[in-house]
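Here is the structure we will look at.
The values are calculated or read from the model by the stated rules, or taken from the named source; none is laboratory data. These numbers were taken from a predicted model, which means no experiment stands behind them. Using ideal geometry, Cβ is built from the backbone for each residue, glycine included, and neighbour counts are taken over all protein chains shown. Just the protein is used for accessible areas: all its heavy atoms, side chains included, with ligands, DNA and RNA removed. Shrake-Rupley method; radii C 1.70, N 1.55, O 1.52, S 1.80 Å.
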Amino acid sequence: MSITTEYSAIFIQFLVALGFVVTTMIVSHLAGPRRKTSDKLEVFECGIESEGNARTPFSVRYFMTAILFVLFDVEVVFMYPWAVNFKQLGNVGFIEMLIFVGTLLIGFLYIIKKGALQWEK
Amino acid sequence: MEIILFKAILVLVLFLISLGIAAYSTYAERKVAAFLQDRIGPDRAGPFGLLQPIADGVKMFLKEEIIPNHSNRWLFILGPCIFMLTALMTSAVIPWGMPLEFNGTKYALQVADINIGILYIMGVLSVGVYGIMIGGWASNNKYALLGAIRGSSQMISYELAMGMSIISILLISDGSLSLSHIVESQKGMNWNVFYQPLGFLIFLICAFAEANRTPFDLPESESELIGGYHTEYSSMKLGLFLFAEYINMFISSTVISCLYFGGYQFPGLEYLSAHLPANLVSVISIGALFTKVFFFIFFFMWVRWTIPRFRYDQLMRLGWQVLLPLSIANMLITGGVITFFNL
């Protein structure tokens, strides 16, 4: 089977999924009743009147997590080709990966020592 | 042309099965909860309440659709759409059983046997994060925003350990990312879980976190964040979020079965395929896979009603400072053992 066949099958699946989502959205838009009141369209906040805007700054920890994720995820992606060719690369490949992971772990220790992953403070 | 037709039919069948399993997972979840808490659970719609999911679905369609005044209208609609779309896309690369045979031609029960298999699933799953993030942010609601950022940072954190534990699988299964190859390398009882018990545990915990299930359901912890990122959603948009979550649970269970429990393989499959007609063997192997899948779906539910929720700092510490180093160590040990014993 050619690669084109396989990927066109994924495309078919995408079309089916897209069709389902769009149909559901349209049908539920048409089927439901419309009795809008100003209170109903307000932002929900446990029943009390909503206060201020939700677009406020949030904890910088989440941002740190996202940045660290990008760093580490790139490292993980580097390891996939290594893992796939592991048998051919032999001992040398393994030692090289030890050096790579070692460097990564130094960075990881630095992050922990810096307290970038501390949430409870 | 014939092969494309077969794949199209397979896609449709898979789509219906995913929806059916997702719908009946909601029923099963309530029944399991009832069983564990010594209650009866839903029993009004149909015999044993079996029509409950259908009644719920129809109700979802007939509810009023509310888009709050202060939300970003189109992003608000886009959020659940992306989440559902990615959930329905992931099943494409999973091998569901031994090939079927019509008129002497064999048809593999896999929508797409692409050589990046497991990476495709990881990739599509991580696009699902956008659904949560966009939906939660567009609601312009404080609870929804909190739920969304919690959800997305939890999902990306656990993706790291998950990716690492998959690497260990690649090391022992002769380096192919294709799921059908990984499943085929686990003939009989030669399952990866026996070689990778730690990797399996890490993967399982990460799967719970990725699917936002208890004990990691902080994005929608109802006692503090109301509904989390779907607080403002109603009608079928809420339905898509909830539904997609159950589909994700189904897919996670399937991926766990394929990676660690041999997918459709079971002891005696080779004997059967030598003595029985191909289509019958195919059906039996599908049954074997689904037995494993249903066990894991049950396990997801069992854990939900057994273990209380983590605190957020505990969750992040578990992900980054326990699971990530453990999975790196697991990978290095696996690689070292293979290299030095020339396995």
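Would you be able to say whether some residue in the stretch B:146-169 is polar (S, T, N, Q) and in a loop (DSSP other than H, G, I, E, B)? No, that holds for no residue.
Exactly one residue out of B:Ile82, B:Ile9, B:Ile3 is in contact with a strand residue (DSSP E or B) (Cβ under 8 Å, 6 or more places away or on another chain) and within 11 Å of chain A (Cβ to nearest Cβ), and it is B:Ile3.
Being open to solvent by less than 10 Å² (accessible area, probe 1.4 Å) and not in a helix (DSSP H, G or I) is a property that B:Gly319 lacks.
State whether the residues of the stretch B:248-267 include one that is more than 14 Å from every other protein chain (Cβ to nearest Cβ), hydroxyl-bearing (Ser, Thr, Tyr) and open to solvent by 30 Å² or more (accessible area, probe 1.4 Å). No. Please indicate, with yes or no, whether at least one residue in the stretch B:110-128 is without any contact (Cβ under 8 Å) to a residue 12 or more places away in the chain and under 30 Å from B:Gly227 (Cα atoms). Scanning the stretch B:110-128, I find at least one residue that is without any contact (Cβ under 8 Å) to a residue 12 or more places away in the chain and under 30 Å from B:Gly227 (Cα atoms), so the answer is yes. The set of residues in the stretch B:111-127 being modelled with pLDDT under 85 and buried (at least 20 other Cβ atoms within 10 Å of the Cβ) consists of B:Val111, B:Ala112, B:Ile114, B:Gly117. Please give the number of the condition B:Met84 fails out of (1) among the aliphatic types (A, V, I, L, M); (2) open to solvent by less than 10 Å² (accessible area, probe 1.4 Å); (3) under 23 Å from B:Phe261 (Cα atoms). Checking B:Met84 against (1) among the aliphatic types (A, V, I, L, M); (2) open to solvent by less than 10 Å² (accessible area, probe 1.4 Å); (3) under 23 Å from B:Phe261 (Cα atoms), the one that fails is (3). Please go through the stretch B:268-294 and pick out each residue that is within 17 Å of the chain's Cα centre (by Cα) and either more than 16 Å from B:Thr26 (Cα to Cα) or exposed (fewer than 14 other Cβ atoms within 10 Å of the Cβ) (or both). Answer for the stretch B:268-294, where residues must be within 17 Å of the chain's Cα centre (by Cα) and either more than 16 Å from B:Thr26 (Cα to Cα) or exposed (fewer than 14 other Cβ atoms within 10 Å of the Cβ) (or both): B:Leu289, B:Phe290, B:Thr291, B:Lys292.
When B:Ile94, B:Ile134 are checked against the criterion of being in contact with a helix residue (DSSP H, G or I) (Cβ under 8 Å, 6 or more places away or on another chain) and over 21 Å from B:Gln186 (Cβ atoms), B:Ile134 stands alone in meeting it.
For the stretch B:128-180, the set of residues classified as under 15 Å from A:Ala83 (Cβ atoms) and among the small types (Gly, Ala, Ser) consists of B:Gly163, B:Ser165, B:Ser168, B:Ser173, B:Gly175, B:Ser176, B:Ser178, listed by residue number. The set of residues from the stretch B:226-243 being hydrophobic (A, V, I, L, M, F, W, C), surrounded by fewer than 24 Cβ atoms within 10 Å (Cβ to Cβ) and in a helix (DSSP H, G or I) comprises B:Leu238, B:Phe241, B:Leu242. Within the stretch B:43-75, being open to solvent by 60 Å² or more (accessible area, probe 1.4 Å), at the interface with chain A (Cβ under 9 Å from one of its Cβ atoms) and more than 29 Å from the chain's Cα centre (by Cα) holds for B:Asn69, B:His70. Applying a threshold of 6 Å to beta carbon distances and a minimum spacing of six or more residues, or different chains, the list of pairs starting in the stretch B:303-321 at a residue that is more than 9 Å from chain A (Cβ to nearest Cβ) and ending at one that is open to solvent by 60 Å² or more (accessible area, probe 1.4 Å) and at pLDDT 85 or above reads B:Trp305/B:Leu36.
So which residues in the stretch A:107-121 are in a helix (DSSP H, G or I) and more than 25 Å from the chain's Cα centre (by Cα)? Correct list: A:Lys113 only.
Looking at the structure I just gave you, is A:Val16 facing chain B (nearest Cβ under 7 Å), within 24 Å of the chain's Cα centre (by Cα), free of Cβ contacts under 8 Å to residues at least 40 places away in the same chain and in a helix (DSSP H, G or I)? Answer is yes for this residue. Residues that are among the charged types (D, E, K, R) and under 20 Å from the mean Cα position of the chain (by Cα) within the stretch B:109-167 comprise B:Asp113, B:Arg150, B:Glu159, listed in sequence order.
You will find that of A:Ile67, A:Ile48, A:Ile99, the residue that is more than 7 Å from chain B (Cβ to nearest Cβ), in a loop (DSSP other than H, G, I, E, B) and open to solvent by 30 Å² or more (accessible area, probe 1.4 Å) is A:Ile48 and no other.
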